[in-house]
């Protein structure tokens, strides 16, 4: 089997061009999916028999929470690629994905708190899911802080790669221990996402928003990575050509 | 004969600044390479790449064996004595000083080991300082402790970053002679220094960095 | 292997020649524990109820504090460069180094803990569980903390960043360790917690040295 397709991903120039082609499609898909999902979910889906209209926040909360976790896994995978195959593009992916993942985690926490007020009567409850989400936010904060603290960009990228791999090994352990802790300390409350037999008109819009969030994430990540690639490769000919082209070719070299 | 170290198409970039590129070099028995250039030209970076501490931005370095590396910070722990430092460094690099057959009793091995280290310390003029903690030595004496490794069994290739720093005139001359002798006996040396070497072995070459890209 | 023997000798010498590095975390541990009765009030019932969590949080912070300087002096004087270049496996060397550090600082902490536990009103029957949980948990804290220390050793002020990186990773150990103690306090069996702690310790012993070695290589290359 030929590995050239894989090593192509390590070429900044090739990745920049590919990302440029993919990004508009992802953005378009995100806009369509989110528009359909949000309008359907917020306006047309039937209210929950127990929670009334407050359940509708799951159309934002669930995609954000799913994305928050997938983003960390993505960072760890990029970390493995960065350490094993020494690909600069993977370093950049970690660097660019971390703030997006952190903001998704924050969004999930915020929507969880807003949902908690009418449901549990408190903004914050030490529920297992919310607590693991909070810890995930701390893990993101660690990666971002480490990346900012190390001056040398190559070292910063590799250090963040190691930290995300360590983090991803720990995430299941943290998750199970927090679940255990919460079942020991309080009775089971009814949860935001584990709903028995959600009717189709309730979960279909959720599917749309989840896919929409993933497409949005892809589009934002690619945009950030393209910018970071241009900065990192500012010395090379292709990056200078790309910047000139983006500026409309009006500037003399 | 195989060279000890071969580097091809080396490039190094630090914080977006290109230090050098398309650098190729090969070091075999008898070669001495002096890397020169103004401050910030990338001399230390090149040596760290050659020693294997840093990955080059592009290109490859091939070594037959790990070289002996003495950097700016020479690996001398202040809270240990000169002898303890050398014993640790020798054990770490698996270069046991003193030739003792494997069948010899442990005490004999220990004694030969010690004698070799004391001999090396005497060579660099530190007789009587063997068990003084390094924090009470002067900068020049600490440098001598690090350089005593060159008088103990070591790999054939030495990579030395500013080895003459803080040494007095006599010690500089002695080290120059020792380096030249090492090359003449089939070793190889890469070093950076700002002074003109008084003794150059036949295989001497100079590599000027920073001229083209400054 | 003779290099491991030499490493042990070196580390023991270094620690004995600067005993403050060993004593300071212990004093810190005692002070933090003493702060809580002063802040919460000295009602014996309240103190006994919070004692498991309190002893564990204090121990966790003390271990974290003791690790900040673990690689610092070796980094500054170039010893780490020599270790990275050595033909010996770096992960194994670092495992030995962390374990020596734990033997001196972590073990002292474990031995001090029952005294502080008694001062907080923990019944004597709980003390074996306290000892066992700390004995299994503190090596994990040391190994995980060493990963953070390896990644931040090149930074001028790495202390706060180290805490930020490592504290989230400490959460499972904190939950299991204080859980074991709480179970013992309520007269419930605590063996399950201790077994989980033991498996975390085995996992950390196997995997953390690889991450420590990778972190040090990155820090040295900078």
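In the set (1) modelled with pLDDT under 90; (2) more than 9 Å from every other protein chain (Cβ to nearest Cβ), the condition left unmet by residue A:154 is number (2).
Report whether or not residue C:155 is facing chain A (nearest Cβ under 9 Å), surrounded by fewer than 24 Cβ atoms within 10 Å (Cβ to Cβ) and under 14 Å from the mean Cα position of the chain (by Cα). So residue C:155 does not fit the description; no. Looking at the stretch C:74-89, is at least one residue within 18 Å of the chain's Cα centre (by Cα) and either within 14 Å of another protein chain (Cβ to nearest Cβ) or in a helix (DSSP H, G or I) (or both)? No, that holds for no residue.
Check A:40, A:9, A:14 and return the single one that is farther than 23 Å from residue A:93 by Cα and touching a helix residue (DSSP H, G or I) at 6+ places or on another chain (Cβ under 7 Å).
Details: A:9 fails: farther than 23 Å from residue A:93 by Cα; A:14 fails: farther than 23 Å from residue A:93 by Cα.
Only one candidate passes the filter, namely A:40.
For every residue, the table says whether it meets (1) in a helix (DSSP H, G or I); (2) modelled with pLDDT of 95 or more; (3) buried (at least 19 other Cβ atoms within 10 Å of the Cβ).
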| position | (1), (2), (3) |
| --- | --- |
| C:179 | yes, no, yes |
| C:184 | yes, no, yes |
| C:189 | no, no, no |
| C:198 | yes, yes, no |
| C:205 | yes, yes, no |
| C:208 | yes, yes, yes |
| C:211 | yes, yes, yes |
| C:218 | yes, no, yes |
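With the structure loaded, tell me whether residue C:81 is at pLDDT below 95 and touching a strand residue (DSSP E or B) at 6+ places or on another chain (Cβ under 7 Å) or whether it fails that test. Taking the combined requirement at face value, the residue satisfies it. Considering (1) closer than 15 Å to residue B:88 by Cα; (2) at pLDDT 95 or above, the lone condition that residue C:95 does not fulfil carries the number (1). Selection over the stretch B:35-51 of residues that are touching a strand residue (DSSP E or B) at 6+ places or on another chain (Cβ under 7 Å) and free of Cβ contacts under 8 Å to residues at least 60 places away in the same chain gives a count of 2.
Evaluate the following for residue B:26: is it under 26 Å from residue B:182 (Cβ atoms), in a strand (DSSP E or B) and without any contact (Cβ under 8 Å) to a residue 24 or more places away in the chain? I'd like the intermediate steps shown before the answer.
Working: under 26 Å from residue B:182 (Cβ atoms): yes; in a strand (DSSP E or B): yes; without any contact (Cβ under 8 Å) to a residue 24 or more places away in the chain: yes.
Considered against the rule, which asks whether it is under 26 Å from residue B:182 (Cβ atoms), in a strand (DSSP E or B) and without any contact (Cβ under 8 Å) to a residue 24 or more places away in the chain, residue B:26 comes out as yes.
Of all residues in the stretch B:6-26 being away from chain A (no Cβ under 14 Å) and in contact with a helix residue (DSSP H, G or I) (Cβ under 7 Å, 6 or more places away or on another chain), which is nearest to residue A:156 (Cα to Cα)? It would help to see each step written out before you state the result.
Restricting attention to the stretch B:6-26, the residues satisfying the condition of being away from chain A (no Cβ under 14 Å) are B:6-10, B:22-26.
Of the ones still in play, those that are also in contact with a helix residue (DSSP H, G or I) (Cβ under 7 Å, 6 or more places away or on another chain) are B:7, B:10.
On the way: B:7: 26, B:10: 22 Å.
Ranking the qualifying residues of the stretch B:6-26, first place goes to B:10.
Checking each residue in the stretch C:47-73 for being crowded, with 23+ Cβ neighbours inside 10 Å, under 17 Å from residue C:149 (Cα atoms) and either within 13 Å of another protein chain (Cβ to nearest Cβ) or in contact with a strand residue (DSSP E or B) (Cβ under 8 Å, 6 or more places away or on another chain) (or both) picks out only C:71. Scanning the stretch A:125-147 for residues that are within 27 Å of residue A:75 (Cβ to Cβ) and part of a loop (DSSP other than H, G, I, E, B) gives A:126, A:127.
Within the stretch B:29-51, the set of residues being within 11 Å of another protein chain (Cβ to nearest Cβ) and over 21 Å from residue B:183 (Cβ atoms) comprises B:45, B:48, B:49. Kindly list the number of the only condition in (1) within 14 Å of chain C (Cβ to nearest Cβ); (2) modelled with pLDDT of 95 or more; (3) out of contact with any helix residue (DSSP H, G or I) (no Cβ under 8 Å at 6 or more places or on another chain) that fails for residue A:105. So the condition that residue A:105 fails would be (3).
Residues in the stretch C:1-36 that are within 10 Å of chain B (Cβ to nearest Cβ), under 30 Å from residue C:119 (Cβ atoms) and surrounded by 16 or more Cβ atoms within 10 Å (Cβ to Cβ): 1 in all.
All of (1) surrounded by 18 or more Cβ atoms within 10 Å (Cβ to Cβ); (2) within 8 Å of chain C (Cβ to nearest Cβ) hold for residue A:147 with one exception: (2).
The selection criterion, being over 14 Å from the mean Cα position of the chain (by Cα) and in a helix (DSSP H, G or I), does not hold for residue C:146.
A quick yes/no check of all residues on (1) farther than 19 Å from residue C:79 by Cβ; (2) modelled with pLDDT under 90; (3) not assigned by TED's automatic domain parsing to the domain that holds residue B:43:
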{"residue": "B:163", "(1), (2), (3)": "no, no, no"}
{"residue": "B:173", "(1), (2), (3)": "yes, no, no"}
{"residue": "B:177", "(1), (2), (3)": "yes, no, no"}
{"residue": "B:193", "(1), (2), (3)": "yes, yes, no"}
{"residue": "B:196", "(1), (2), (3)": "yes, yes, no"}
{"residue": "B:201", "(1), (2), (3)": "yes, yes, no"}
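Within the stretch B:73-93, the set of residues being out of contact with any helix residue (DSSP H, G or I) (no Cβ under 7 Å at 6 or more places or on another chain) and in a loop (DSSP other than H, G, I, E, B) comprises just one member, B:93. Filtering the stretch A:118-168 to residues that are free of Cβ contacts under 8 Å to residues at least 24 places away in the same chain, in contact with a helix residue (DSSP H, G or I) (Cβ under 7 Å, 6 or more places away or on another chain) and more than 17 Å from residue C:222 (Cβ to Cβ) leaves A:122, A:123, A:124, A:130, A:138, A:166.
The numbered conditions (1) buried (at least 17 other Cβ atoms within 10 Å of the Cβ); (2) modelled with pLDDT of 85 or more; (3) closer than 17 Å to residue A:61 by Cβ are all true for residue A:138 except (3).
The values are calculated or read from the model by the stated rules, or taken from the named source; none is laboratory data. If you're wondering where the values come from, they're calculated on a predicted model, not measured in any experiment. Counting neighbours? That spans all protein chains shown, and the Cβs are built from the backbone with ideal geometry, glycine included.
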